[in-house]
Amino acid sequence: MTTASAAAFVRRHRTGLSVIGLSVVLAPAPLVLRSPWQLGVLNLVAVNAVVVLGLNLFIGYAGQISLGHAAFFGLGAYGSGVLTTAWGVPPLLALPVTAAGVALTALVVGVPTLRLSGHYLAMATLGFNIVVHHVFVHWDRVTGGPSGLTGIPSFGVQGVTLHGETRQYYLLWGAAMVALTLSVNFVRSGLGRGLAALAEDEVAAAAMGVDVRRGKIAVFTTSAAFASVGGSLFAHYMGTITPDTFGIFTSIDFVIMVVVGGLGSLWGSLVGAAFVTMLPHLLGPFEGYKEILHGLIVVVVLLVLPRGFVAGVVELAKTRLARRGSPATARVVSG
């Protein structure tokens, strides 16, 4: 293979190669991190990454605002939990069935709600989250009420149950890598390119022939399905779920993960999910001040790195390299 053909191959398959490269980096983690607690934190990062990737499509690429994605996260968890505990449905079947049901719910909710924009849309999605959380708490016969659901089975493949942090690690991060690949392909599709125009200016996008309403509904439904998958993964990983996990503060945490990682940066979504998920476990005695620190982090990121951590670091690196090279450039020009 010549250099030119190799370069063309890399450009054509850069997404797949990048995902494979990241997978290779993540694969040895269970061998390096002997502590089940540390692996457990990484597993939660993977679950949150699936949700945040979908939410970033809606916020970062479509330019919309949602403060209610914890509702779809919870619907995925409770839907999968109820199907497996009450109806005996295998977890691997319960996950896609629940995701389809949540996507349909998002479609029903999105058709009237997505007529709104800006803070009106944010308030509508926040209200939806409050309603869903209220149902989780008070529909005792199905959800278990404030005590939640227990005894949710783990995933199994060919009769082998995936118990233990290590097995769960590969399952959850495998799902995160699939979600990342699907997200990147979605963004590069015709619909994804239309969303980029929509985020800049809805009127201009409509004038260019973009079906704004269809695009909003499609990305809202897709992001809800991602959140549902994340919720199902969370339920079968934890084995127990309670309504408090799916309140409005969880929705806010998801938005913070998107902002920290970078609006419109899918790779940044992984960084944002990792940072915000790990932060409470690193605070020690200051864990009670988590919400305050989250707020401060968002303010600092918006002031210092308005495009998010990943894009901001890349830009800072380019700027420093350019400054280092400027004297040499000046000498060349003068010579």
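Every number here is computed from the coordinates shown, using simple stated rules; none is lab data. Source: prediction; values computed, not measured. Virtual Cβ from ideal backbone geometry, glycine too; neighbours counted across all protein chains shown.
Pick out the one residue from GLY127, GLY151, GLY145 that is closer than 25 Å to ILE252 by Cβ and touching a helix residue (DSSP H, G or I) at 6+ places or on another chain (Cβ under 9 Å).
Values: GLY127 fails: touching a helix residue (DSSP H, G or I) at 6+ places or on another chain (Cβ under 9 Å); GLY151 fails: closer than 25 Å to ILE252 by Cβ.
Exactly one residue qualifies, and that residue is GLY145.
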Within the stretch 295-325, take every residue that is among the β-branched types (Val, Ile, Thr) and surrounded by 12 or more Cβ atoms within 10 Å (Cβ to Cβ) and give me the one that is nearest to the chain's Cα centre (by Cα). VAL310
So which residues in the stretch 77-120 are touching a strand residue (DSSP E or B) at 6+ places or on another chain (Cβ under 8 Å) and either of a type in the set (A, V, I, L, M) or surrounded by fewer than 16 Cβ atoms within 10 Å (Cβ to Cβ) (or both)? ALA77, VAL82, PRO90, LEU92
Just to be sure, is GLY101 out of contact with any Leu (no Cβ under 6 Å at 6 or more places or on another chain), small (Gly, Ala, Ser) and under 22 Å from PHE249 (Cα atoms)? no
Which is within 24 Å of ALA100 (Cα to Cα), surrounded by 16 or more Cβ atoms within 10 Å (Cβ to Cβ) and of a type in the set (Gly, Ala, Ser), of SER223, SER189? SER223
Which of the residues spanning the stretch 254-292 are within 21 Å of GLY192 (Cα to Cα), of a type in the set (Ser, Thr, Tyr) and either assigned to a helix (DSSP H, G or I) or more than 12 Å from the chain's Cα centre (by Cα) (or both)? SER269
